[in-house]
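Chemist: After the structure tokens below, expect a handful of questions from me.
None of the figures in this text is laboratory data; all of them are computed from the coordinates on show. From a predicted model like this one, the values you see are computed outputs, not experimental measurements. So basically every Cβ, Gly included, is an ideal-geometry build from the backbone, and we count neighbours across all protein chains shown.
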Amino acid sequence: MFVARSIAADHKDLIHDVSYDFHGRRMATCSSDQSVKVWDKSDNGEWNCTASWKTHSGSVWRVTWAHPEFGQVLASCSFDRTAAVWEEIVGESNDKQRGLSHWIKRTTLVDSRTSVTDVKFAPKHMGLMLTTCSADGVVRIYEAPDVMNLSQWSLQHEISCKLRCSCISWSPSSSRAHAPMIAVGSDDSNSSYSGKVHIYEYIENTRKYAKAEHLMTVTDPVHDIAFAPNLGRSFHVLAIATKDLRIFKLIPMRREVTAGSSGPTKLQVQIVAQFDNHNSQVWRVSWNISSTLLASSGDDGCVRLWKANYMDNWKCTAILRGDGSPVAGSSSQAAVPSTAGGPQHAPLQASSAGRKKAQLMPG
């Protein structure tokens, strides 16, 4: 049974994103009020705002945490055409109170000519790398060559997607059998372009990213996209939030490796599940850490939890309203693994309608 907890976030405008750190003990929110807030979970389960600052000169669309191996580091992106990297600096050693820590801006990335719509850190095993996508259809990948100096970032790759970009997700696989891979979604409303999801793979020979696949069946605007944690699988699982919820399986095909071969891996694309239960636009998708549970939120004001059985058949196991209460008649009492392990782990309610309160499940 999930326990809901409402937080008076005190943002002065729509909240666009909620992001948990690796351990699920810290949370960041961002809003059209141009600010980011950081929240810490106390021992009694209460969430307390420990930092709040104006980050951009436009709406802040997304906020994301780096792996704690690199310190307490946040990245944000905005309508003001920039992305920014923030680091928490703790006070002197004689400062007993954690509240004396403060966040400082380490860098501003200004390469985009249009709104920066998403920002994500690459998987930890790739080092400290940051990816942005923007409305000009370009994905940019930056690297901090010295993790002790976060004011220095170099632009490593620019991928032109030819379509307005809305969201990105890294494949988390650390297997040597899988090259680095990134999925890009587009919310371009031009229906003449089929295939609103593109998959890019890093090619070692050319040291560039090349398009491995595009999902022709996704023709509606894409609002969110998320690779499932890999956990040793030989294939990838990708969740997509569009006018409905879709789950795809991407299976790398074996290929003859010839001298000078530099093409991306061919992927066999299978749609595993498609649900229109929200009866409206789906705005966010989020996996738990073991990839056994998927959460989606939509304009119906509900968070829905999805689980696959041993036959790989997906079904809805719980429906929660924005305030966390179960929907009458739903199978919300079904056995659902605890997601208290943290983050990516907790369903998040964020829609175009916005909320001035952050809605969290579970507590």
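Chemist: Sort VAL138, VAL60 by Cβ crowding within 10 Å, fewest neighbours at the top.
Modeler: Listed from fewest to most nearby Cβ atoms, that is VAL138, VAL60.
Chemist: Is the shape of the range 209-330 rounded, prolate or oblate, going by the alpha carbon gyration tensor and its root eigenvalues a ≥ b ≥ c, with a/c under 1.5 for rounded and a/b larger than b/c for prolate?
Modeler: prolate
Chemist: Just list whichever of LYS243/LYS315; LYS211/LYS266; LYS196/LYS315; LYS37/LYS105 have alpha carbons separated by over 21 Å in the model shown.
Modeler: Cα-Cα > 21 Å for LYS196/LYS315; rest within.
Chemist: Using Cβ counts within 10 Å as a stand-in for footprinting exposure, how do THR242, THR29, THR317 rank, fewest first?
Modeler: THR317, THR242, THR29
Chemist: Fewest first, what order do ASP80, ASP17 take by the number of other Cβ atoms within 10 Å?
Modeler: ASP80, ASP17
Chemist: Calculate, for ILE89 and SER174, the FRET efficiency according to 1/(1 + (r/R0)^6) with r their C-beta to C-beta distance and R0 22 Å; round to the nearest 0.05.
Modeler: In this case the efficiency is close to 0.15.
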